[in-house]
Amino acid sequence: MIPKSHPRYESLVLRDKIVKAQKEGYLADSAMIAHGRGEAFDYLLGEKTTFPAKRAMYAAVATILLSENPVISVNGNTTALAIDEVIQFAKTVNAKIEINLFYRTDERVKKITELYKKHGYSQILGTKDDDIKYLKSIKNERASASKTGIYSADTVLVPLEDGDRAEILSKTGKKTITIDLNPLSRTSQTSNISIVDNVVRAFPFMTEIAKDLKTQDKQLLINMVNDFDNKENLKESLKLFKNN
């Protein structure tokens, strides 16, 4: 039991979720290292959602609402940390959810599929029974993509670091949105919209944004996307690390 009075309570709770996910077999061992890296960046950021992150989220939600086939790509880390929040956001913006793993095994895919079904989401893509295509230029298991999901998507939301795929997806003409606490990562640098924030804060905040933007005029959403400059926004995010 982690006492709520502990100054690092929230961080320790997330760490415990990652440990449990690894023990349950749907999180790769190396994913624990990735979480630790993200935790360090979040600590430097002050463990709060910044103004540049909020600006990026508004542009991201607007982009998704304007898309014809938006897809949220999920891995073990995202599932362990924010499965309910991902599902809620997907339902709010009418986006699909697809499993995509670097260390892909049938067992891990099956366990993640079952988790989403247990949490009330049965339409998960990227399963063993799905019609899987393969993205050219990606030389690992993340090349797999559902025919009706990432393969044909016009917008893909990729939570957490995924540099090789984020870069290639962008080059294929898809709009890529990432949630990555490292503003210097290849993921952040090659995406169209980079949200420098923790997924556990980002998804609930984006859900609330979506509820508002769904009621707004389409032209407002278009202007919001066109006015967003990812490179400048990342520069602002990086400055906040230096100032904390």
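The values are calculated or read from the model by the stated rules, or taken from the named source; none is laboratory data. The structure displayed is predicted, hence computed values, not measured ones. As a convention, Cβ positions derive from the backbone with ideal geometry for all residues, glycine included, and neighbour counts pool all protein chains shown. Only protein heavy atoms, including side chains, enter the accessible area calculation; ligands, DNA and RNA are left aside. Shrake-Rupley method; radii C 1.70, N 1.55, O 1.52, S 1.80 Å.
Right, ASN94: closer than 18 Å to GLY149 by Cβ and loosely packed, with under 14 Cβ neighbours inside 10 Å or not? Yes.
Right, ILE72: crowded, with 19+ Cβ neighbours inside 10 Å, modelled with pLDDT of 90 or more and either over 18 Å from PRO204 (Cβ atoms) or touching a Leu at 6+ places or on another chain (Cβ under 6 Å) (or both) or not? Yes; evaluated as a whole, the condition is true for this residue. Scanning the stretch 46-97 for residues that are in a helix (DSSP H, G or I), under 15 Å from the mean Cα position of the chain (by Cα) and among the small types (Gly, Ala, Ser) yields a total of 8. Among the residues making up the stretch 11-39, those that are acidic (Asp, Glu), assigned to a helix (DSSP H, G or I) and touching a residue at least 12 places away in the same chain (Cβ under 8 Å) are ASP16, GLU39. Just one of the numbered conditions (1) open to solvent by 50 Å² or more (accessible area, probe 1.4 Å); (2) over 22 Å from GLY38 (Cβ atoms) is not true of PHE228: (1).
The set of residues from the stretch 190-204 being farther than 16 Å from ILE72 by Cα and either open to solvent by 70 Å² or more (accessible area, probe 1.4 Å) or more than 21 Å from the chain's Cα centre (by Cα) (or both) is empty.
Within the stretch 208-221, residues that are farther than 9 Å from THR92 by Cα and touching a residue at least 40 places away in the same chain (Cβ under 8 Å) reach no partner that is open to solvent by less than 100 Å² (accessible area, probe 1.4 Å) and charged (D, E, K, R) with beta carbons closer than 6 Å at six or more positions or on different chains. Restricting to the stretch 134-173, name every residue that is open to solvent by less than 40 Å² (accessible area, probe 1.4 Å), hydroxyl-bearing (Ser, Thr, Tyr) and modelled with pLDDT of 85 or more. The answer is SER146, THR155.
Does ASP106 count as open to solvent by 20 Å² or more (accessible area, probe 1.4 Å), touching a Lys or Arg at 6+ places or on another chain (Cβ under 9 Å) and charged (D, E, K, R)?
Working: open to solvent by 20 Å² or more (accessible area, probe 1.4 Å): yes; touching a Lys or Arg at 6+ places or on another chain (Cβ under 9 Å): yes; charged (D, E, K, R): yes.
Answer is yes for this residue.
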